[in-house]
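Q: The structure under discussion is supplied below as structure tokens; questions concerning it will follow.
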Amino acid sequence: MGFIDTHCHLNDESYEDVASIVEECRNQNIEKMICIGFDLPSSIRAVELANTYDIVYAAVGVHPDDADSYNDEVEKQLEALALNNKKVVAIGEIGLDYYWDKASHDTQKSVFAKQIELARRLNLPIIIHNRDAFMDTYEVLNEYAPLRGVMHCYSGSLEMAYNYMKQGLHISFAGPVTFKNAKTPKEVAKEIPLDRILVETDCPYLAPHPHRGKVNYPYFVNLVGKEVASLKGISEEELMEAESRNVRELFGI
Ligand code: NI
């Protein structure tokens, strides 16, 4: 039994030697990891990695920062990737990002909605990215609720977490929950029910303490899991068991 990194970017160009990273994950008892696409090429790469390594799974989708690259042809290719590869377990990451604001809000919302519809057709859960767009994200999701999916790298309030959970969603914690000044993520992790919790790294970004500011790796999910378990006052094994169950229910793996 080990933690599952439910959101990593092994497909990121900055990783040169993926084989040795996966090997280190095995050494550090990482049970599985889901490699997340953020545009079409990175989605194709995620599927390649999933088809290469038994413990790697894939999600395919277009991130809001790349919303301008989305069109019918891209959608067709994402759909084909999901239909032709058993290890594609979700559509993601999709959502809204008003911090970087790389595409207009209308474009971001429409690309988000189209990919929620794609996930529905494929009967797959969604992996949701949200930055500085909590209310709009909630409103787009509400048109489709109840949903299966996860709010990734959750950084919002406890109240919003309950609203998303009412829509059927899980809540995932990443490196920031380990930062000393991260009062809100710590509070949310402590309060929300165990059957809605996932952990992740979002690597290569957002390395957890004590690696903050450096390159992040999927096996650092152990540090995230350790912190969340301690916030909940349970053993790491109990959290691993709960996470495994949640991942099985949500992603079918
Ligand atoms: Ni990500």
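Conditions (1) away from the ligand (no atom under 16 Å from the Cβ); (2) under 20 Å from the mean Cα position of the chain (by Cα); (3) under 19 Å from MET165 (Cα atoms), marked per residue:
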| site | (1), (2), (3) |
| --- | --- |
| GLU73 | yes, no, no |
| LYS76 | yes, no, no |
| GLU79 | yes, yes, no |
| LYS86 | yes, yes, no |
| ASP97 | no, yes, no |
| SER104 | yes, no, no |
| GLU117 | yes, yes, no |
| ILE127 | no, yes, yes |
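Q: Restricting the search to segment 75-95, which residues are under 20 Å from HIS129 (Cα atoms) and crowded, with 17+ Cβ neighbours inside 10 Å? Talk me through it step by step, then tell me what you get.
A: Narrowing segment 75-95 to residues under 20 Å from HIS129 (Cα atoms): 75, 78-79, 82, 88-95.
The answer is GLU75, LEU78, ALA82, VAL88, VAL89, ALA90, ILE91, GLY92, GLU93, ILE94, GLY95.
Q: Would you pick out the residues in segment 16-73 that are surrounded by fewer than 18 Cβ atoms within 10 Å (Cβ to Cβ) and among the hydroxyl-bearing types (Ser, Thr, Tyr)?
A: SER20, THR52, SER69 - these are the residues of segment 16-73 that are surrounded by fewer than 18 Cβ atoms within 10 Å (Cβ to Cβ) and among the hydroxyl-bearing types (Ser, Thr, Tyr).
Q: Also, quick follow-up: Within segment 129-156, can you find the residues that are modelled with pLDDT of 95 or more, hydroxyl-bearing (Ser, Thr, Tyr) and either open to solvent by less than 10 Å² (accessible area, probe 1.4 Å) or within 14 Å of the ligand (Cβ to nearest atom) (or both)?
A: THR137, TYR154, listed by residue number.
Q: Could you tell me whether any residue of segment 106-114 is out of contact with any strand residue (DSSP E or B) (no Cβ under 8 Å at 6 or more places or on another chain), more than 16 Å from the ligand (Cβ to nearest atom) and of a type in the set (Lys, Arg)?
A: Filtering segment 106-114 down to residues out of contact with any strand residue (DSSP E or B) (no Cβ under 8 Å at 6 or more places or on another chain) leaves 106-107, 110, 113-114.
Filter again for more than 16 Å from the ligand (Cβ to nearest atom), leaving 106-107, 110, 113-114.
Imposing the further condition that a residue be of a type in the set (Lys, Arg) reduces the set to 114.
Yes - at least one qualifying residue is present in segment 106-114.
Q: Take the residues in segment 198-219 that are in contact with a Gly (Cβ under 8 Å, 6 or more places away or on another chain) and open to solvent by less than 30 Å² (accessible area, probe 1.4 Å), then tell me which one is nearest to the ligand (Cβ to nearest atom).
A: The selected residue is ASP202.
The values are calculated or read from the model by the stated rules, or taken from the named source; none is laboratory data. Because the structure is a prediction, the values reported are computed rather than measured. Cβ coordinates were reconstructed from backbone atoms using ideal geometry, including for glycine residues, and neighbour counts include every protein chain displayed. What goes into the accessible areas is simple: the full protein's heavy atoms, side chains included, and nothing from ligands, DNA or RNA. Shrake-Rupley method; radii C 1.70, N 1.55, O 1.52, S 1.80 Å.
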